[in-house]
Amino acid sequence: MGTFEFLTGFRALHDKVKNGTLTAAERPCYDMARSQLTRMRMVAQQPGYPGDPLRSSLRMAKMLKVELRPDDGEPIRASTIDLASGGFAVLMGAGMRVGKKAGFTLNLPAMGGGGTSPISGRVVVASSRPQTTLFRVSFTFENLEPAAAEHLEMTLIDAVLERFSQKL
């Protein structure tokens, strides 16, 4: 099976999951294909340095609205530049201290299409570095609820399928 056939079959199964029509008999096939797609994308994301381990989570360039609520500051509204199953990155006017914690609300696309569906939780600053006149601040999720993690993974898979569709 070629890449095009794999992606076409996976997209059909993925759409069934999103629509709630995937059968119990189809679930193992979907789970295996989802794992394979995620691994393919993580391999493709590698910078190519010999001996480097694979990234630990699927990551995509994706712009979504997010509100951050630092434990010791005012709320910050921003847009993600990267989204991953383990966290996200934003560009901000000022950096944040690594290890600083915050609440967040991230507006993901609604699963059924049309509009957004927010997920909320806690994040910790993983890195903060200058990037031209702004700062790239990366956050790692802390104990993301399983339903929110699944919604995030589905959003990432949709983004991967969208990117592959543009190239095929």
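Figures for the structure shown
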{"read-out": "Only listed residue being open to solvent by 30 Å² or more (accessible area, probe 1.4 Å) and either of a type in the set (A, V, I, L, M) or touching a residue at least 40 places away in the same chain (Cβ under 8 Å) (or both), chosen from P146, P109", "value": "P109"}
{"read-out": "Scope region 22-43; condition modelled with pLDDT of 90 or more and of a type in the set (A, V, I, L, M, F, W, C); matching residues", "value": "L22, A24, A25, C29, M32, A33"}
{"read-out": "Residue within region 56-66 that is modelled with pLDDT under 90 and surrounded by fewer than 14 Cβ atoms within 10 Å (Cβ to Cβ) present", "value": "yes"}
{"read-out": "Only listed residue being open to solvent by 50 Å² or more (accessible area, probe 1.4 Å), assigned to a strand (DSSP E or B) and either under 22 Å from F164 (Cβ atoms) or in contact with a strand residue (DSSP E or B) (Cβ under 9 Å, 6 or more places away or on another chain) (or both), chosen from A102, A78, A94, A126", "value": "A126"}
{"read-out": "K101, sole failed condition from (1) in contact (Cβ under 8 Å) with a residue 40 or more places away in the chain; (2) in contact with a helix residue (DSSP H, G or I) (Cβ under 7 Å, 6 or more places away or on another chain)", "value": "(2)"}
{"read-out": "Every pair of residues 6+ apart whose Cβ atoms lie under 9 Å, when the first sits in region 7-33 and is polar (S, T, N, Q) while the second is part of a helix (DSSP H, G or I)", "value": "T21/D15; T23/K16"}
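Here is a yes/no grid of residues against (1) under 15 Å from the mean Cα position of the chain (by Cα); (2) within 26 Å of N19 (Cβ to Cβ); (3) at pLDDT below 95; (4) charged (D, E, K, R):
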position	(1), (2), (3), (4)
G86	yes, no, yes, no
A94	no, no, yes, no
V98	no, no, no, no
K101	no, no, no, yes
P109	yes, yes, yes, no
G115	no, yes, yes, no
V124	no, no, no, no
F139	yes, no, no, no
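The values are calculated or read from the model by the stated rules, or taken from the named source; none is laboratory data. Remember, it's a predicted structure, so these values are computed and weren't measured experimentally. Heads up, the Cβs are rebuilt from the backbone with ideal geometry, glycines too, and the neighbour counts pull from every protein chain shown. The accessibility values were calculated without ligands, DNA or RNA, using every heavy atom of the protein model including side chains. Shrake-Rupley method; radii C 1.70, N 1.55, O 1.52, S 1.80 Å.
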